[in-house]
Each structure stands twice: as C-alpha cells, then as structure tokens.
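Here the structure is laid out as structure tokens; the discussion comes afterwards.
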Amino acid sequence: MTSLNHEHVRAAAGHEARPGPEHLVLPSPVPGLTPQLVRTYRPRKDALVRRIADRVCHEVAGFADPGLAGLVSRAIGAAVDLFVDALAGAPARGHTVSDYYWWLGRAEAQSGHDLDAMRAAHHVATQEVWSELDTLVVDLGLSPTAHHRLAHAVMQYQKSLQDRAAAGFVEAQKGPDPQAPLLDALLGGAPLARLRQLAGSRWPIPGRVAVATTESTHAALECATAIRGAVSGVRHDRLVVVADAAVIDEIAVELARHTLSPVAVSWGVEPTEASHAWRWTTRALRLARRHEIEVPASRVVRCHDYRTELLRHADPVLGRQLMIDVLAPLLAETPAQREALSQTMLLWLQTRGSAPALAAQLGVHDQTVRNRLRRIRAMFGDTLDQPEHALELMQALHVLRDHLRR
C-alpha cells in the first residue's frame with residue numbers, strides 16, 4: 001500500500017533540501033534611497049518586467065518555446081518584486097524566486113539546451129536593468145554613492161539568480177527521471193497492460209488511483225520525491241502526483257505543507273482514466289487562481305467538492321450558448337433585474353423553498369420574492385416543474401451568475 005515516508009518528507013523540508021533566502025544576495029539599505037522613494041518606483045516595475053521578459057522570449061532562442069513564456073514572466077516579476085521589497089526594508093523571503101530560477105534552469109536542460117541560453121538571457125536582463133538604473137538615478141536624484149551601492153547590489157543579486165538557474169540546470173542533467181515513461185503513460189490514458197509493463201515490480205498498479213497537482217516548486221518536488229509508492233513529475237510547470245486513491249488526501253495535505261500554492265486533488269478513478277483526473281485538478285487550480293472557487297485554509301482543493309464548477313467551466317463556449325438558448329426571456333431584462341431574478345430563480349430551483357424561506361436567505365421581503373417568482377413563472381412556465389429542464393436551467397443560471405460576477 002502507498003505510504004508516506006515521513007522521515008524523508010521532513011528531511012525534504014529541511015534547511016539543506018530547499019532553496020532559501022541564503023541562496024540569493026538581497027540588497028542592504030542604500031543611503032539616500034528611503035522606503036518612500038522605493039514606493040514611488042513600484043508603479044514602474046511592471047513595465048521593466050515586461051521589457052525583460054519580451055526580449056528574453058523573442059531574442060534568446062533557448063527561451064523561444066511559448067510554453068516557457070509564463071514561467072519566464074513569473075520568474076522575472078517575482079525577482080523584481082523581491083529586490084524592490086528588500087530595498088524598501090520590507091520582510092523578504094527568497095524561496096519563491098529561488099524556486100522559479102531553479103526551475104528555469106531545469107527546464108532549459110530538459111529541453112536539450114546548454115548554458116549559453118541562460119547566459120544570453122542574463123545579458124539581456126543586465127542591459128535592461130542598467131538602462132532602468134540610469135534613468136532611476138536621475139529621476140530620484142540619487143547621489144553618486146547611492147548609485148554605486150545600488151549598482152553593486154544589482155550585480156550581486158543578478159549573479160545569485162544566475163547561480164540558482166545554473167544549479168537547476170546541473171540537477172536536471174544528472175540523468176533522466178525513471179518515472180517519466182510511467183507518468184506519461186498514466187496521463188496519456190495508456191491501456192492497463194502497458195501501465196503494468198512500465199511499472200514492473202516498482203509500483204503495483206492500484207485498483208483505483210487519484211491525482212494531486214500543485215505549482216512546481218523545488219520544495220514540493222522534494223516532498224513528492226520522498227513519497228513511497230507514488231509516481232510524480234512536472235508537466236506544464238506543475239507538479240503532478242499519481243497514487244493510490246486511498247492515500248491521495250494524505251499526500252495532498254503533506255504537499256500543502258511544503259508550498260504556499262493550492263493543491264488540487266481528484267477523486268478515485270480507474271488507472272486508465274488518470275488523464276481525466278489530471279485534467280480536473282488542472283482546471284481546479286485554474287479556477288482557484290481566478291478566485292472562481294474558494295481555496296480552503298488547508299490549501300487542499302478537493303475536486304469532488306467542486307464538481308458543478310468543474311463541469312460548468314469544462315467548455316465555456318458551450319456554457320454561453322446554453323445560457324443564450326435556455327435563458328432568453330431572462331436575458332431580455334435589465335442588468336439589475338437579471339441579477340435579482342436569476343438569484344431568486346436559482347435558489348428556488350435548488351431548494352424549492354417557500355417565499356418566506358427564500359426571503360430569509362436572500363435578505364428581502366416575502367412579497368418581493370413572491371413578485372419575482374410570479375415573473376419567473378410567466379417567463380418559463382411549466383418547464384420549471386420538469387426535472388430534465390430544471391437541471392438545464394440550473395446549469396445555465398450558474399453560467400449567467402458567473403458572468404454577472406465578472
């Protein structure tokens with residue numbers, strides 16, 4: 001049976017196992033550069049991030065893969081944020097930035113590139129940062145001493161970022177991941193016979209498997225690697241763990257202890273259907289990032305609890321067409337009326353409650369609910385009482401309510 005090696009997991013979270021602030025050289029306070037001056041710069045930093053990311057992705061062949069663009073942009077944005085926070089004297093932790101650059105280096109190695117691309121990207125970033133620094137010195141009226149101190153801090157910081165990327169690059173070159181073929185087969189929907197062939201005696205295929213997915217930080221990967229009896233790896237910048245459905249919740253909780261990001265976990269499926277479970281967890285993370293589903297305090301997002309939301313967002317175009325076809329009379333109302341009537345209609349379809357009960361939940365007068373229900377009945381007639389149509393109406397109303405909240 002799959003189990004967690006807690007001793008190894010605790011070691012994976014230790015000081016030596018995950019990148020920490022000591023891997024990055026953060027700036028000390030610069031004379032003449034007060035926290036107030038740093039704050040005046042913050043609105044300009046996003047433009048700097050865009051310039052660096054755009055040039056790296058367009059000018060450096062090793063980073064031309066569109067799949068890397070998001071990781072490059074997030075890494076540069078987080079690095080600039082951290083540097084500015086440190087200059088302002090704000091509490092700064094380097095784990096996230098260190099992880100990002102470690103993964104950038106690893107991704108380059110896995111793509112078959114050499115360190116020349118990393119050096120070229122570093123050169124591009126240096127050009128943009130030095131240009132920005134020259135402008136900043138003039139705009140903020142910094143002294144030559146402050147200019148020198150700030151330039152030195154930038155050089156040290158950039159060097160430490162480059163070192164973290166090189167460390168990830170070297171780590172990835174230690175050899176291919178032996179679990180990769182099995183994970184690819186699981187996520188690709190391979191037949192059971194093929195899964196058993198790839199797993200051999202290393203991983204007895206469980207009767208039902210489940211998937212946990214989270215952001216691919218170094219700490220989370222170290223944690224996943226320490227879990228016995230699971231198959232894990234990074235796909236599309238996310239850590240994916242496939243394990244016996246009986247213990248996936250325990251694994252998800254352990255992963256959540258090693259990352260600040262949500263961990264989405266599926267319900268149990270046949271091993272040949274792991275690809276579907278992976279798709280559900282990926283969609284759940286996307287919805288959580290867009291604040292369309294609530295992330296619990298535990299940071300473990302159980303797909304079973306959000307099945308309606310996952311279904312509703314499976315095909316947005318189809319959902320919009322369903323809304324247009326099914327709710328045509330409601331869509332003809334004013335925006336305010338659509339909001340009030342759709343809220344009342346959805347609650348009534350879900351509960352079939354009385355006017356006083358609905359009024360208590362909606363925070364309005366009983367008579368207001370009665371008036372709304374009469375209008376709804378006039379619009380939709382007997383379809384409200386037909387189970388097959390009621391379900392369709394509820395799905396369309398969920399789509400409409402999502403649209404109204406945006």
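Please treat every number below as a calculation from the coordinates, not as lab data. Because the structure is a prediction, the values reported are computed rather than measured. Reconstructed Cβ throughout: ideal geometry from the backbone, glycine too, with neighbour counts over all protein chains shown.
Of all the Cα-Cα pairs you can form in the stretch 15-172, what percent are over 27 Å apart? If you can, show how the numbers build up before the last one.
Details: 2684 of 12403 pairs.
Everything past 27 Å amounts to 22 percent.
What is the angle, in °, between the Cα long axis of helix 115-140 and the longest principal axis of the Cα atoms in the chain? Nearest 10 is fine, range 0 to 90.
The angle comes out at about 90 degrees.
I'd like the distance between the alpha-carbon centres of the stretch 292-314 and the stretch 240-267, rounded to an integer number of Å.
Answer, in whole Å: 14.
From the residues 326, 179, 313, which one has its Cα farthest along the dipole of the chain in the positive direction, the dipole being from +1 and -1 charges on Cβ of Lys/Arg and Asp/Glu about the Cα centre?
Comparing the listed Cα positions along the dipole, 326 ranks first.
Report the percentage of all Cα-Cα pairs in the stretch 153-297 whose separation exceeds 27 Å, rounded to a whole percent.
Values: 2728 of 10440 pairs.
Percentage above 27 Å: 26.
Would you calculate, for the chain, the mean residue ellipticity at 222 nm contributed by helices, counting each DSSP H stretch of 4 or more residues as -39,500 (n - 2.57) and dividing by all residues, to the nearest 500?
-20000 deg cm²/dmol
Let me spell out the model: positive unit charges on the Cβ of Lys and Arg, negative unit charges on the Cβ of Asp and Glu, origin at the Cα centre of the chain. What dipole size does that give, in debye rounded to 20?
Once rounded to the nearest 20, the dipole reads 720 debye.
Quick one: the Cα spread of the chain along its three principal axes, in angstroms, biggest first?
Sorted from largest, the Cα extents of the chain read 77, 64, 37 Å.
Among 351, 260, 157, which residue has its Cα positioned farthest towards the positive end of the charge dipole of the chain, with +1 placed on the Cβ of Lys and Arg, -1 on the Cβ of Asp and Glu, and the dipole taken about the Cα centre?
The residue sitting most towards the positive pole is 351.
So what's the stretch 316-405 giving for Rg/Rh, alpha carbon basis, Kirkwood Rh from the mean inverse pair distance?
Rg divided by Rh gives 0.94.
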